[in-house]
Amino acid sequence: MTLELIYKINSMSTKINILQVIPKLGHGGAEIGCYDLAHYLAENGCSSFIVTSGGELIKYIDRKKVKLIRLPLQSKNPILMLINSLILICIILIFNISIVHARSRAPAWSCLLATKITRRKFVTTFHGTYNFKNELKKYYNSVMLRSDLIIAGSNFIFSHINENYLNYLDLNKKFLVIFRGINTEYFDPNKIHQSDEKKLISEWKVNKERPLILLPGRLTYWKGQEMFIEALDIVKKKMPGKPFFAVILGSDQGRNVYKKKLLRLVEQYRLTNEVKFFDKCELMPLAYKISDVIVSSSIEPEAFGRVSVEAQAMEKPIIASNIGGSKETIVNDKTGFLFEAGKPEELSKKIIHVLNLDESTLKFTGIEGRKNVIKKFNIEKMCFSTYSEYKKIIK
């Protein structure tokens with residue numbers, strides 16, 4: 001049977017079969033978005049597939065709803081990328097895939113070739129700013145703009161693309177913003193059991209007579225952990241009579257040298273009694289719930305700023321850098337607080353300000369924060385918008 005005949009037979013089917021392709025299903029924003037969308041599609045009459053190399057989220061996939069296929073998509077080896085293309089071609093034809101949605105650059109090149117050969121629709125989501133030191137790296141990144149539908153996860157990313165990749169944009173292709181969303185039923189302060197709170201407080205050895213300041217995020221320099229520690233040193237000096245507790249929550253992902261640097265910094269500022277490090281928390285809503293203040297201290301722009309949105313959904317005061325996606329997700333001084341990025345003195349001022357707020361103000365901020373997320377950044381809205389765009393491009 002020729003490829004042309006297979007295409008004609010398959011095109012007679014009216015059911016939309018969606019294949020999402022992502023290197024690894026971890027706990028990052030792109031990965032969680034892929035996971036949530038896959039289940040939403042299955043629940044709305046589509047056949048939903050994920051191709052990935054592995055990851056922690058795999059164990060949570062409902063295999064009755066979403067079909068999972070394993071491929072070494074994390075590799076940037078050109079030969080392996082070509083082999084992945086050939087395997088993807090087989091998957092597309094066997095399962096009559098209507099749309100292929102790539103969420104990362106290396107697998108996007110494999111998807112581009114596969115969709116060209118099979119003549120299927122290709123969708124990409126531009127999830128980050130993707131560093132580029134030269135034109136060759138920019139060309140490599142440009143695969144995310146070679147699809148039939150280009151999705152930016154925030155207005156910040158939309159502007160970034162227009163400013164840096166204009167030569168690669170085809171004005172005949174659709175390019176739009178669909179804000180990332182979170183599951184507001186999962187991130188709901190009213191669904192946390194008190195027994196679970198007590199258990200985590202015990203595990204972390206938290207003294208709840210002190211306010212708890214939480215900094216979530218993987219340990220990497222641009223997430224601003226060093227600056228956060230410097231800010232805490234300033235807070236301690238300016239508020240000697242008001243002790244606090246701080247948790248830096250995130251894996252070093254093999255960056256052992258960086259973690260050792262942070263530990264030395266804590267010792268240098270004599271904050272060993274105030275600051276603790278934990279690699280992960282299986283239930284992030286629980287980590288937010290037992291905290292009093294959430295901080296996102298990135299010194300480089302976040303594409304979306306998931307921490308800021310999750311904190312608001314949990315009705316917690318969020319303090320975030322005034323760059324990138326957080327500027328869009330936080331209503332400053334209403335649902336959270338922005339500070340000048342990269343400046344520990346400014347961060348310390350915001351921490352002190354929030355620690356001194358009265359209960360009614362904190363409650364108002366929390367309520368407004370959750371309303372903001374439900375209105376603009378909930379997972380249902382993200383999934384519905386994406387599914388609607390899928391249907392448009394295959395008409």
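The values are calculated or read from the model by the stated rules, or taken from the named source; none is laboratory data. This one's a predicted model, so the numbers in the text were calculated from it and none came from an experiment. Please note: Cβ atoms are built from the backbone with ideal geometry, for glycine as well, and neighbour counts cover all protein chains shown. When the accessible area is computed, the model is the full protein with side chains, heavy atoms only, and any ligands, DNA or RNA have been set aside. Shrake-Rupley method; radii C 1.70, N 1.55, O 1.52, S 1.80 Å.
Within the range 332-374, the residues that satisfy the criterion of being open to solvent by 70 Å² or more (accessible area, probe 1.4 Å) and among the basic types (Lys, Arg) are 334, 343, 349, 363, 371.
Scanning the range 177-231 for residues that are among the small types (Gly, Ala, Ser), part of a helix (DSSP H, G or I) and open to solvent by less than 60 Å² (accessible area, probe 1.4 Å) yields a single hit, 231.
Remark: pairs (first residue in the range 238-250, over 30 Å from residue 28 (Cβ atoms); second residue open to solvent by 30 Å² or more (accessible area, probe 1.4 Å) and not hydrophobic (A, V, I, L, M, F, W, C); Cβ separation under 6 Å; 6+ apart in sequence or on different chains) = 243/210. On inspection, residue 322 fails the criterion of being surrounded by fewer than 21 Cβ atoms within 10 Å (Cβ to Cβ), over 20 Å from residue 290 (Cβ atoms) and touching a residue at least 24 places away in the same chain (Cβ under 8 Å). Scanning the range 21-45 for residues being assigned to a helix (DSSP H, G or I), open to solvent by 30 Å² or more (accessible area, probe 1.4 Å) and not charged (D, E, K, R) gives a total of 2.
Just a yes or no: is a residue in the range 293-300 open to solvent by 10 Å² or more (accessible area, probe 1.4 Å), without any contact (Cβ under 8 Å) to a residue 12 or more places away in the chain and either outside any loop (DSSP other than H, G, I, E, B) or of a type in the set (Asp, Glu) (or both)? No, the conditions are met nowhere in the range 293-300. Name every residue in the range 232-271 that is open to solvent by 80 Å² or more (accessible area, probe 1.4 Å), more than 24 Å from residue 317 (Cα to Cα) and assigned to a loop (DSSP other than H, G, I, E, B), in order of residue number. The answer is 253, 255, 270. Scanning the range 144-176 for residues that are aliphatic (A, V, I, L, M) and under 21 Å from residue 327 (Cα atoms), we see that the one that is most open to solvent (accessible area, probe 1.4 Å) is 176. Just the residues that are at pLDDT 95 or above and either in contact with a helix residue (DSSP H, G or I) (Cβ under 6 Å, 6 or more places away or on another chain) or open to solvent by less than 30 Å² (accessible area, probe 1.4 Å) (or both), please, taken from the range 277-288. Scanning the range 277-288 gives 285, 286, 287, 288.
Note down all Cβ pairs under 8 Å where the first residue falls in the range 43-62 and is touching a residue at least 60 places away in the same chain (Cβ under 8 Å), the second is part of a strand (DSSP E or B), and they're at least six residues apart or on different chains. Close Cβ pairs satisfying both conditions: 46/17; 46/18.
In the set (1) more than 22 Å from residue 382 (Cα to Cα); (2) surrounded by fewer than 19 Cβ atoms within 10 Å (Cβ to Cβ); (3) touching a helix residue (DSSP H, G or I) at 6+ places or on another chain (Cβ under 8 Å), the condition left unmet by residue 141 is number (2).
For beta carbons closer than 7 Å, sequence separation of 6+ or different chains, a first residue in the range 166-187 that is free of Cβ contacts under 8 Å to residues at least 60 places away in the same chain and more than 14 Å from residue 155 (Cα to Cα) and a second that is open to solvent by 60 Å² or more (accessible area, probe 1.4 Å) and assigned to a strand (DSSP E or B), there are no qualifying pairs.
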